[in-house]
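Worksheet for the structure shown next.
The values are calculated or read from the model by the stated rules, or taken from the named source; none is laboratory data. Bear in mind the structure is a predicted one, so any value in this text is a computation, not a measurement. In this analysis, Cβ positions are derived from the backbone assuming ideal geometry, glycine residues included, and neighbour counts consider all displayed protein chains. For accessibility, only protein heavy atoms count, side chains too; no ligands or nucleic acids. Shrake-Rupley method; radii C 1.70, N 1.55, O 1.52, S 1.80 Å.
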Amino acid sequence: MNDEELKQLLSRREGAPAEEARQRAVAAAMAAFDEEHAHEKTASQTQGNADSERLTPDRTSQGSKIMNLFTASSSPLQRWVYSGLASAAVLVLGVFITTQVPWQGGMDTPPVNETALKGGDATRAARDSALEEAVASAAPRIELQVEESSRAFSGSRANVVTPESSAPRPKLNSRAAADAATSRAEEVIVTGMKRAPAPAMAAAASPLEGIVAPGYQDSGRDRFTTADANPVKRVADEPVSTFSIDVDTAAYSFVRRMLNQGVLPQKAAVRVEEMINYFPYDYPLPTGREAPFSTTVSVLDSPWKTGNKLVHIGIQGFELQGAQPRSNLVFLLDVSGSMNSPDKLPLVKQSMALLLSRLQAEDTVSIVVYAGAAGTVLEPTPVKEKQKILDALNRLQAGGSTAGAAGIQLAYQVAESQFVEDGVNRVVLATDGDFNVGIHNPEELKGFVERKRDAGVYLSVLGFGQGNYHDALMQQLAQNGNGVAAYIDTLGEAQKVLVHEATSALFPIANDVKIQVEFNPQTVSEYRLLGYETRQLAEEDFNNDAVDAGDIGAGHSVTAIYEITPAGSDSAVYEPSRYREQAAAGSGKGSEYGFLKLRYKLPGEQDSKLISRPIRIDADPADAAQLREARFASAVAGFGELLRGGKYTADWNYSDALQLAQANRGDDPYGYRAELVQLIRKAEVAQAM
Amino acid sequence: MSSELEDRIRRAQRGDREAFSRLVEDHYASMYRFALKYCGQRADAEDITQQACIKLARSLGQFRFQAAFTTWLYRLVVNCALDWQRARRPAEPIDSAEPVYEESPDSALLLRQVMARVQAMGEGYCETLVLVLGEGFSHAEAAAVLEVKESTVSWRLHEIRKRLQREHQPGVEV
């Protein structure tokens, strides 16, 4: 039936209204009319009736006016503007709701597209303007997020960033809704770029630029444990400082990622020692075989506080000589839905493929995945069947929830089934950080990892992605598993960790390395350890071999820096005590700042060995190269301190750090140091925003 | 709106019987016509129209001259028609009553069948169809009467066409 037929049907000459019916209707209407008006008359004639004075709702109310805006506005422009605004509001609300729904991963399409479509009549103009606003306010949003999260973590007001920006923000009532909207809209924009192929090589060459944002990503849920910066300590009160070494580098990669996004990282994410130890230093290699590593001590002036000195303690592990030990590696890969983004699972696959290149033909590799259920994807396979391993890797797809614990148990089982005596047995865990299901209790998980470590299977943790990065748990698992915690944000970082430094990550040369420094009250009045907040040990634990500490891999270099105030210097933060007895001078040790002791165990041994040496006042860097390395380490440490809020760096600032780092880059074969220089610049920019 | 009409409405609102009577007489025919197309039966149409007249008497005071009087009036009739629709027993057979159009009972039946089908599509479809195709309203005018968006009217008509088309497609000749 077409229009014409319908019209014809409807407009057929109808019978005229019957006259009597008409009259009946008119009469009924008149009766109703009379009734209405009779009531009116009597009402108005009643004496003392206050009805006419009373405010009645029988007026055009504001509400109905507003409702009419969309339909009855006189000008089409007005209608457009109002309905555009209304559509945008609906869009924002929808987006807000969708972002609040915790997604199970595996979303292929960004939810905002749907929402925008669901917005129905949302005009193109409204959408465009919403996107424009989103672009303009994207940067402040991230800042806000950072500020909020750092506030949440540090519990104090973060002065990392000022959320003010000249960029226009959408005029919406709910700030949270606006933020949510911009975050989704931002993803739309980025996904728009996704159409252009993002070459992996570009990603390797320039960190982050090639990485596109995923379809669904948590944000602001990265978890870090806050550790207060080590305080300045009086030598008279507490002359001994004890800590475990730490070879992790995760903090630096995470900081780099945030800075590359143009925002300052949360303070809790910055661990100064991990930033310092990210860089390889040119310390002299150990000469003899009696100790697995060499120690270098040098003293130089503090760049940020006149009068203070920095004591650098450098440890250099020996490089593997001869044959690489046999290894039995189990890749434990998180393939939950949240891993479904280009900087997660695909990067994991690439990283694992890179690591294969560093293994020998007879080493074995197995792949265990965990998501909804844990499963072995690849039975232990010798590396010479490389194609088989690569095929198994490439078949992996992300989906489902995260049951990390069951996966860990299975991975250890596989590792134990292939246990190599005198070799390396290691589970390499790659995850974006969440263990939703399974062993909920992190303590239980840690205990499990610890027991397995004692049985000879170690655990390394590779962190991927951001937004929901569970840094704290990663660190603890790696620490308890005698492994390295690294954060892999780009293919370049994967190459650094898994290719250039593969031996350090895989083959430990010394376990439970502890450092103890006793300062000489005669020559030092105050000291402060830069970083290592999470690695503090009790003084008495130094000699207790049952206490676990950090491990050094083959070729690792580790640096610890103390800032000290020599006795008599006016740069001290503590006032001299009036009553306390001053240390007796002239006891013959006036030429030493302190005494350094190191304890370590050789792999597989239970008893620790001790190295000790004095820190001499005139322990100047041995040569120009050592001076350069020490200065560069100071620059990194200072940069880290600045990112943490610069409590102890006085008016030293990013440009000072930049100068110092720039001047001491050395030959920098992999460009890591050049990258730091860029990061300092970015931090300067991010801070100004 | 002509000033004469406006004047008459204002007078009726103030209680002038004469003016109100003229107003009802003038508009009875168009109200009836709409009702007839809507319900398809003379008796029902008369009922609806009478209800509309009574309602007009009661609520004329609420007319604020913000829309055209005819628009307002149609809205009132549509509401009455809806009330009638809701009050009617749902299972009432279609072909039980006397023919509407004297000269062609077939087309009357056809109209009722079509309207029943349109009615089944959901609320708002019948009114839209009658206003636009029956009364020759533009989409915008119909939208004003029904207090919906113009695009909704267009969409409803499109839907009606599509569904009627589809239902007739398999070759069931009506």
- Message: Exactly one of these conditions fails for A:G63: (1) within 46 Å of the chain's Cα centre (by Cα); (2) modelled with pLDDT under 65; (3) assigned to a helix (DSSP H, G or I). Give me its number.
- Response: (1)
- Residue ID - modelled with the lowest pLDDT, chosen from residues in the range A:1-22 that are facing chain B (nearest Cβ under 7 Å) and open to solvent by 60 Å² or more (accessible area, probe 1.4 Å): A:R12
- Message: Cβ-Cβ distance below 8 Å, separation of 6 or more or different chains: which pairs start in the range A:23-39 with a residue that is at the interface with chain B (Cβ under 7 Å from one of its Cβ atoms) and end on one that is surrounded by 17 or more Cβ atoms within 10 Å (Cβ to Cβ) and of a type in the set (F, W, Y)?
- Response: A:A25/B:Y28; A:V26/B:Y28; A:A29/B:F20; A:M30/B:F20; A:F33/B:F20
- Task: Please give the helices (runs of 4 or more DSSP H) falling wholly within the range B:1-89 in which 3 or more residues are open to solvent by less than 30 Å² (accessible area, probe 1.4 Å) and more than 12 Å from chain A (Cβ to nearest Cβ).
- Result: B:69-87
- Can you find a residue in the range A:370-378 that is touching a Lys or Arg at 6+ places or on another chain (Cβ under 7 Å), assigned by TED's automatic domain parsing to the domain that holds A:Q397 and farther than 11 Å from A:L396 by Cβ? no
- Query: Within the range B:90-113, which residues are modelled with pLDDT under 55 and part of a helix (DSSP H, G or I)?
  - Reply: B:I94, B:D95, B:S96
- Message: Would you confirm whether or not the range A:473-485 contains a residue that is within 30 Å of A:S591 (Cβ to Cβ) and open to solvent by 20 Å² or more (accessible area, probe 1.4 Å)?
- Response: no
- Among (1) part of a strand (DSSP E or B); (2) of a type in the set (A, V, I, L, M, F, W, C); (3) open to solvent by 30 Å² or more (accessible area, probe 1.4 Å), which single condition is A:I561 missing? (3)
- Message: Regarding the range A:247-270, can at least one residue be identified that is of a type in the set (S, T, N, Q) and more than 33 Å from the chain's Cα centre (by Cα)?
- Response: no
- Item | A:V461 vs. criteria outside any helix (DSSP H, G or I), at pLDDT 80 or above, closer than 20 Å to A:A411 by Cα and outside the structural domain of A:A546 (by TED's automatic domain parsing) | yes
- All positions within the range A:427-447 that are touching a helix residue (DSSP H, G or I) at 6+ places or on another chain (Cβ under 7 Å) and either surrounded by fewer than 23 Cβ atoms within 10 Å (Cβ to Cβ) or at pLDDT below 75 (or both): A:G433, A:D434, A:F435, A:G438, A:I439, A:P442, A:L445, A:K446
- Query: When the residues of the range A:479-521 are filtered to those that are modelled with pLDDT of 85 or more and hydroxyl-bearing (S, T, Y), which remaining residue is nearest to A:M275 (Cα to Cα)?
  - Reply: A:Y487
- Note on the structure: Among A:E319, A:E379, the single one that is within 30 Å of A:I615 (Cα to Cα) and open to solvent by 40 Å² or more (accessible area, probe 1.4 Å) is A:E319
- Query: Can you tell me which residues in the range A:507-551 are within 17 Å of A:R613 (Cβ to Cβ) and assigned to a loop (DSSP other than H, G, I, E, B)?
  - Reply: A:N520, A:T523
- Task: Filter the range A:287-311 for residues that are within 18 Å of A:K514 (Cβ to Cβ) and of a type outside the set (F, W, Y) and give the result.
- Result: A:A291, A:P292, A:S294, A:T295, A:T296, A:V297, A:V311
- Looking only at the range A:282-306, and only at residues there that are open to solvent by 30 Å² or more (accessible area, probe 1.4 Å) and either assigned to a strand (DSSP E or B) or not charged (D, E, K, R) (or both), the one that is nearest to A:G555 (Cα to Cα): A:L285
- Item | Qualifying residue in the range B:21-30 (condition: under 16 Å from A:A18 (Cα atoms), touching a Phe, Trp or Tyr at 6+ places or on another chain (Cβ under 6 Å) and at pLDDT 85 or above) | no
- Message: Tally up the residues in the range A:245-276 that are crowded, with 22+ Cβ neighbours inside 10 Å and outside any helix (DSSP H, G or I), please.
- Response: 11
- Message: Exactly one of these conditions fails for A:V263: (1) touching a residue at least 12 places away in the same chain (Cβ under 8 Å); (2) touching a strand residue (DSSP E or B) at 6+ places or on another chain (Cβ under 9 Å). Give me its number.
- Response: (2)
- Test result for B:L157, facing chain A (nearest Cβ under 10 Å), outside any loop (DSSP other than H, G, I, E, B) and modelled with pLDDT under 85: no
- Task: Would you check if A:A637 is among the aliphatic types (A, V, I, L, M), within 18 Å of A:V558 (Cβ to Cβ), in contact with a Ser or Thr (Cβ under 6 Å, 6 or more places away or on another chain) and open to solvent by less than 70 Å² (accessible area, probe 1.4 Å)?
- Result: no
